[in-house]
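The structure appears below as structure tokens.
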Amino acid sequence: MKFSLICRLFIGITGLLGACTSVGPGKLFRPASPHEQYAQSLRDARLERTALGTDWLATANRALKDSILINVPYRESGYFSANRPFALGYRLNGQRGDKLIIKVEVEGQQPVQVFIDVYELDESNRDPDRLASAKADTNQLELEVRRNRTHLIRIQPELLRSGRYTLSVTREPILGFPVQGRDSRQISSYFGVPRDAGRRRHEGIDIFAPRGTPALAAAEGYVSGVGTNNLGGNVVYVSDSKRNQTLYYAHLDSQAVQQGQRVSVGDTVGFIGNTGNARTTGPHLHFGIYSFNAGAVDPLPFVRRGTGPARQALVPTETLGDSVRISAARAVLRQSPNGDAPIVRVLPRASAFTVTGGTTSWLRIELPDGARGYIASSVVEPARRSLRRTTLPTGSDLLEAANNQAAVIETLPAGSAVEVLGLFGSYQLVRQANGLTGWLAQTL
């Protein structure tokens with residue numbers, strides 16, 4: 001098969017639309033994700049045996065294992081090349097009630113499909129189980145978090161495409177706020193606090209508002225109960241069948257719905273009061289959530305204010321793919337973009353590497369030996385100004401990379417003048433008078 005035909009098969013592959021995949025031992029089968037369909041189409045065409053196909057599949061798996069921990073809201077930018085398969089994994093602490101909004105914007109000369117997959121890790125933060133995937137025609141995904149677990153996001157573009165991307169991850173509440181004109185800043189009593197001298201715990205949140213303020217349906221569903229009890233006074237139950245849970249409204253001054261009535265988000269179900277055991281307090285809504293399989297759960301994540309847009313300033317476009325070096329006496333390469341993240345390596349002054357993405361504060365870099373991580377932008381500088389000039393005492397091979405297996409760009413004769421731009425291990429990044437740059441073994 002000619003290479004041109006291989007390229008045509010790589011581009012725009014979408015086959016196996018009806019394929020299915022297993023999601024773990026003993027679990028039901030679900031439709032294959034666009035990423036899995038694409039990977040299977042490579043295998044069907046036997047393209048996984050090519051270097052490019054093998055690298056694409058291996059890169060996808062590595063992104064699941066070598067993911068970085070981020071805090072939401074988060075965004076960063078980077079660049080991927082058509083010549084080298086690319087994938088990234090991001091871990092975050094998902095809390096039940098959160099809705100994660102993941103977007104990947106791509107700028108390139110050609111349209112690019114980016115696969116977005118979200119996984120849930122087990123209690124030991126291993127064994128990723130795919131929860132959701134972006135549709136094949138969109139670079140955006142929204143996911144409602146159903147369990148308090150670490151979640152992993154993997155992004156990977158299709159083969160033979162280049163572009164600059166911007167990833168953003170934000171959080172919004174799953175439910176609408178249950179009191180008109182209020183938000184989570186008006187919550188004054190939280191889930192789990194002791195009640196009745198410690199004999200029970202508070203199974204909800206209290207939201208204070210003037211008497212008669214409308215209490216609103218926080219989810220679409222139907223009214224499963226309207227009544228009165230000793231603790232809650234006038235109460236309403238709304239069944240949120242989409243999420244297998246019931247919303248509980250208590251201490252109402254009066255109810256505004258009937259049992260069996262369908263409600264939409266924002267419909268009035270009653271009016272704020274202080275009936276039941278709240279007679280000695282000011283008017284407020286006790287709002288609770290009861291899961292069909294877990295009992296009372298904390299309502300706060302379901303209704304708290306969203307994070308708003310991610311505001312991290314992005315790394316300048318001209319920096320992406322550029323060679324930079326350590327300007328301080330030493331610098332710390334970390335696993336994630338914050339000063340408390342685990343240390344990958346300590347780098348000495350003049351260490352040279354490539355910027356692959358990040359923000360203006362934290363650069364995502366790749367060392368010449370393939371190690372990756374984040375480094376504070378305050379300790380690096382462009383590897384453009386010469387550290388020193390020297391003349392080669394003997395003929396030397398100018399290499400594409402800092403290892404002895406790298407391809408030779410050209411062989412420089414003895415007496416060649418070069419400028420040293422950076423260091424890595426036993427190699428030096430040098431530039432010739434004609435501007436050609438490469439690596440030389442440190443025999444100077």
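Values as computed for the structure displayed
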read-out: Förster radius 30 Å - calculated FRET efficiency between THR281 and ARG305 (Cβ-Cβ, nearest 0.05); value: 0.80
read-out: Inter-centroid distance (Cα atoms) of segment 294-363 relative to segment 75-101, Å; value: 12 Å
read-out: Ellipsoid equivalent to segment 161-209 - semi-axes via the Cα gyration tensor, in Å; value: 38, 16, 8
read-out: Highest to lowest packing among 91-98, 103-110, scored as the average C-beta count within 10 Å; value: 91-98, 103-110
read-out: Pairwise Lys count, the chain - Cα closer than 26 Å, eight or more residues apart or different chains; value: 12
read-out: Contact order relative to length of the chain, as percent, for alpha carbon pairs under 8 angstrom and 6 or more apart; value: 11 percent
read-out: Taking only Cα atoms of segment 317-382, radius of gyration then Dmax in Å; value: 10.3, 28
read-out: Protection-proxy order for peptides 392-400, 200-208, each taking the mean of Cβ atoms within 10 Å per residue, highest first; value: 200-208, 392-400
read-out: Over segment 388-441 - Rg/Rh using Cα atoms and the Kirkwood inverse-distance radius; value: 0.91
read-out: Nearest 10 degrees, 0 to 90: helix 34-44 Cα axis against the chain principal axis; value: 40 degrees
read-out: For the chain, calculated [θ]222 nm from helices alone, where every DSSP H run of n ≥ 4 adds -39500 (n - 2.57); value: -2500 deg cm²/dmol
read-out: Square roots of five times the Cα gyration tensor eigenvalues for segment 165-265, Å; value: 24, 20, 14
read-out: Order of LYS99, LYS135 under a 10 Å beta carbon neighbour criterion, fewest first; value: LYS135, LYS99
read-out: Equivalent ellipsoid semi-axes - Cα gyration tensor, the chain, angstrom; value: 56, 26, 16
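Rule-based calculations on the coordinates, nothing more; no lab input. Worth saying up front: this structure is predicted, and the values here are computed from it rather than measured. Every residue, glycine among them, receives a Cβ derived from its backbone with ideal geometry; neighbour counts consider all protein chains shown.
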